[in-house]
Amino acid sequence: MQKTFGIIAASYGALAVILGAFGAHALKEKLDAYQLEIFNKGVQYQFYHVAALFAVVLLSTKIQSKSLDFAGWFFTIGILFFSGSLYLLATRSLLGLDSITSIIGPITPIGGLCFIIGWILLAISFSKL
């Protein structure tokens, strides 16, 4: 799983830089302050959990465990759901997605729950050292 999570982490990291720059430059004039804050929160949490994925990769050089594998998958899905939904919510007017706000909105806390589970599983994995 080292290779898989390393590739995912690096890809999500590059995407976070791209989206952060896109938000700061291209979206600055198109979104209001609140929408930009939401978009930037997605970038911020994506970066935090890219670091968590790299922790999974590094720890996997020391131990092999299902809890560690699951932590990596929960972080991966959490980034997709949490940050992805924030990007969509922040830009929904630009994208013409106002009608699906009630669908996108509930996805954000599911992503947050994935993050929490990932951190708990990472802690369990570290306890096996």
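The values are calculated or read from the model by the stated rules, or taken from the named source; none is laboratory data. Model, not experiment: these values are computed from the prediction. Side chains included, ligands, DNA and RNA excluded: accessible areas come from the protein's heavy atoms. Shrake-Rupley method; radii C 1.70, N 1.55, O 1.52, S 1.80 Å.
Please identify the DSSP H helices in the chain that span no less than 24 Å along the helix axis (Cα) and have a mean Kyte-Doolittle hydropathy of -0.5 or more.
2-25, 33-59, 107-126
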Query raised in the report: For the chain, modelled as a GNM with alpha-carbon contacts under 10 angstrom, which of Ser102, Ser67, Ser93 fluctuates the most?
Result: Ser102
Query - Under-20-angstrom lysine pairs by C-alpha in the chain, whenever the two are 8 or more apart or on separate chains - result: 6
Report summary line: Put Ser127, Ser85 in order of accessible area, largest first, probe 1.4 Å, and you get Ser127, Ser85
**Report entry** Mean projection area, nm², convex hull over Cα of the chain
**Finding:** 7.5
Requested in this report: Per residue, how big is the convex hull around the C-alpha atoms of the stretch 1-50? Give it to me in cubic angstrom, could you?
Outcome: 53
